[in-house]
1. From the list L116, L89, exactly one residue is aliphatic (A, V, I, L, M), surrounded by 21 or more Cβ atoms within 10 Å (Cβ to Cβ), assigned by TED's automatic domain parsing to the domain that holds A202 and over 23 Å from C236 (Cβ atoms). Which is it?
2. Would you call F326 over 20 Å from the mean Cα position of the chain (by Cα), in a loop (DSSP other than H, G, I, E, B) and among the hydrophobic types (A, V, I, L, M, F, W, C)?
3. Just checking, how many residues over region 329-356 are part of a loop (DSSP other than H, G, I, E, B) and small (G, A, S)?
4. Taking L94 as the residue in question, decide whether it is within 12 Å of the ligand (Cβ to nearest atom), over 23 Å from A279 (Cα atoms) and not polar (S, T, N, Q).
5. I'd like to know if region 53-66 contains one or more residues that are open to solvent by 20 Å² or more (accessible area, probe 1.4 Å), more than 30 Å from K308 (Cα to Cα) and not in a loop (DSSP other than H, G, I, E, B).
6. Those residues that are over 11 Å from V49 (Cβ atoms) and of a type in the set (G, A, S), I need them from region 141-160; list them, please.
7. Go through Y305, Y280, Y320 for me and flag whichever is in contact with a Ser or Thr (Cβ under 6 Å, 6 or more places away or on another chain) and of a type outside the set (A, V, I, L, M, F, W, C).
8. If I go through region 170-201 residue by residue, how many of them are away from the ligand (no atom under 16 Å from the Cβ), under 22 Å from the mean Cα position of the chain (by Cα) and not polar (S, T, N, Q)?
Amino acid sequence: MRINVTRSALPPMEEYVDELRDLWDSHWLTNNGEKLRRLEDQLRSFLDVKHLVTYTNGHMALEALLRAMKLKGEVITTPFTFASTTHALVRCGLTPVFCDIEENSYTMDPAKVESLITPRTCAILPVHVYGNLCDHEALSAIAKKHGLKLIYDAAHAFGVSKNGVSAAQMGDAAMFSFHATKVFHTIEGGGVSTQDDELKAALELERNYGILDEVTVVHPGGNAKMSEFQAAMGLCNLRHAEENLNLRRHAVEMYNQLLSGREDIITPKAQEGVSSNYAYYPVLFTGGPDVREEMCKRLLQEDIYARKYFYPLTSDFACYHGMPGFDSSLTPIARRVASQVVTLPLYPGLADSDISRICRILTQK
Ligand SMILES: *Cc1c(COP(=O)(O)O)cnc(C)c1O
């Protein structure tokens, strides 16, 4: 049977049907419904943050955040990410300025940020890629020193914390994705976390046409609301978050056992003080792109679909070709990592026998 890089977690069907019964009773399907409010409450407590504003998906959450903050000019960010991070900046009229990443965590290298700051810089947008936390202490010190906003793409970092501090509390705000392929999902969905009351109000206006009350519209906002069906899926999945985390941890430990200590394969390193969500299992083939191609081909022959997350770098996308600053040679570490990386299949319920098989395929001569 085909094995994909991930497989969406689903609650027992009866649990979801039970949630849906309420919707057939109330006929209330979206617009700040009961399920949505309950989910936002539960997410605030799960993520240990003052505000969590949900959206129809993570990308719209990020665009809403950039607009709610009224950012203008340049934003220092990373090219080693999903299309969404860079596209959101461009679509909101901002100019991405690409910073290189660290060797071990693949997150933005704080030592390379300050030289990229210009009078037009308004914010830093790093990504907790694979759920690896950015060096928040260093990045927030730089942001403070230069009066910049610090906002995280935390799409991969649901439930991750460092020394007891949730990723949702880091920076001025953080965006989470609740897409079907993520650690926690609402089918499609996303959210922005913040400790800031004013920003929270602006985030809510942004997702619902800027409507304050029945007769007062204060802002030309868009529509990016999460529906009750999505919220219902979230309520179910949140009940199983712990159980899914344990299954993911087991899979990661097994991969570590079978793959770590080799010269030709670099496995993920645990970060000190960080409580992981075991979202992804990225490995680097130190032999380079040709070895990676060969490994992907071998897996495909066995109907196993690993993915080259993240290749190409967003700065190399065809749609940005020739644009000033979109040049992967400016971020050599990101370029090398992107040329060597593969994320291996990882999801709750991935069989031990399949993990062994994948590792056998990757390590045979
Ligand atoms: C998934 C993802 C997003 C976008 O989230 P969606 O919910 O799919 O819109 C943004 N950034 C990163 C790094 C992601 O992986």
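The values are calculated or read from the model by the stated rules, or taken from the named source; none is laboratory data. Quick caveat: nothing in here was measured; it's all calculated off a predicted structure. Cβ: placed from backbone, ideal geometry, glycine included. Neighbour counts: every protein chain shown. With ligands, DNA and RNA removed, areas are computed over all heavy atoms of the protein, side chains included. Shrake-Rupley method; radii C 1.70, N 1.55, O 1.52, S 1.80 Å.
1. One residue alone meets the criteria, L89.
2. It is true that F326 is over 20 Å from the mean Cα position of the chain (by Cα), in a loop (DSSP other than H, G, I, E, B) and among the hydrophobic types (A, V, I, L, M, F, W, C).
3. 2
4. Criteria not met by L94.
5. Checked against the condition, which is being open to solvent by 20 Å² or more (accessible area, probe 1.4 Å), more than 30 Å from K308 (Cα to Cα) and not in a loop (DSSP other than H, G, I, E, B), region 53-66 yields no hits at all.
6. Correct list: A141, A143, G147, A155, A157, G159.
7. The match here is Y280.
8. 4
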